[in-house]
Each structure stands twice: as structure tokens, then as C-alpha cells.
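Structure record follows, encoded as C-alpha cells.
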Amino acid sequence: MCGIVGAIADRDVVPVLIEGLKRLEYRGYDSSGIAIFESERLRRIRRTGRVSEMAAAAAEEDLHASLGIGHTRWATHGGVTEANAHPHISHDELALVHNGIIENHEAQRERLRLLGYVFESQTDTEVIAHLIHYHMHQGCDDFGIGLRFEDIAQ
Ligand code: GLU
């Protein structure tokens, strides 16, 4: 079962994300990744295999940020590849992690392709990243008030 971690703080959260993912390893996973918002831009590290391998890659990239998310994946849609590992990103504007299955992902994928979205993974999850991106640019930029998941997932 996948694991999800999120952190925001006035200190570097990269060690918090890594430690959180390590604590979730017991649940089982095949790949892992983190996305951070650093100096106004998104950066992401993903690896198949152990969290420690992803953590080593994050250390090599010298990642530091005060906001980030992390994920350990248990693949359901798409093989165990780096491209399928979470977080998924849409247009360098949002990063998303997800636990579970998007039942109507094929229909959503087709719809989003027609809207010009290009998919980089085989996962069901990536449709949600692009769908949120699409709705953000329709003026729904306040998820808490203006946009409910039920509204976009039809
Ligand atoms: N269905 C998603 C995928 O295959 C999420 C799997 C999970 O819960 O880790 O990427």
C-alpha cells in the first residue's frame, strides 16, 4: 500500500519527507519520490527501488525547501518505472501524489489529450494532475472553496 507525506515548515523539509517515507516503507512499495517547491519552482526526484536510493539522489541534487510532498508507490496502473513514480507534475505548476485508483482514467486521459495535455506516464494518477491544472486555468484556483473533487472527477 502506498505512503504519502507532506510537510511545510520554516526549516528544510527534505529530511522530514525522507524520514516520513522511510517510516512508511513497511507498508510495501516499488518506487518513491519527492517534489519540493524551492525558490518559486518545482523540483522532483523519483527512483524505483528503495527510499534510500531516492534519498541519495536528493542529496546529490542538494535539494532544500520549506514545502514538499513525498510518496511511496505500489503500482496499479503502469509498470514500475521512474516515469510512473509519483509525484506527477503538470506544466511545472503543480505536483501531486495519490493513493488508490482512478476508475475513469481512460476517459479522462482521452478528454485531456484533446485539450492538448501530453502524458509522460502510464499511470491513472497523472490525469488528476492535468485535470487540476486545467481547472486552475479556468479560474478555479481555490480548491478549498471554488472547486470540489466531485466537480472535476465526473
Ligand atoms: N494507481 C496509482 C499508480 O499506479 C497509485 C498507486 C498507489 O496507491 O501507490 O500509480
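Before we move on, is Leu63 modelled with pLDDT under 95, aliphatic (A, V, I, L, M) and farther than 30 Å from Leu112 by Cα? Yes. Only residues that are open to solvent by less than 50 Å² (accessible area, probe 1.4 Å), modelled with pLDDT under 55 and outside any loop (DSSP other than H, G, I, E, B): list them for region 130-154, please. Listed by number, the list holds a single entry, Ile152.
The residues of region 13-46 that are over 21 Å from Glu93 (Cα atoms) and among the charged types (D, E, K, R), listed by number, are Glu19, Lys22, Arg23, Glu25, Arg27, Asp30.
Going residue by residue through region 105-118, is there one that turns out to be within 14 Å of the ligand (Cβ to nearest atom), under 19 Å from Ala35 (Cα atoms) and touching a helix residue (DSSP H, G or I) at 6+ places or on another chain (Cβ under 6 Å)?
Looking through region 105-118, none of the residues is within 14 Å of the ligand (Cβ to nearest atom), under 19 Å from Ala35 (Cα atoms) and touching a helix residue (DSSP H, G or I) at 6+ places or on another chain (Cβ under 6 Å).
So which residues in region 106-129 are surrounded by 17 or more Cβ atoms within 10 Å (Cβ to Cβ) and farther than 22 Å from Arg47 by Cα?
Selection gives Gln108, Arg109, Leu112, Tyr117.
The values are calculated or read from the model by the stated rules, or taken from the named source; none is laboratory data. Here the structure is a predicted model, which is why all the values come from computation and not from measurement. Cβ atoms come from the backbone with ideal geometry, glycine included; neighbour counts cover every protein chain shown. Ligands, DNA and RNA are stripped out before the accessible areas are found, and what is left, the full protein with its side chains, is counted by its heavy atoms. Shrake-Rupley method; radii C 1.70, N 1.55, O 1.52, S 1.80 Å.
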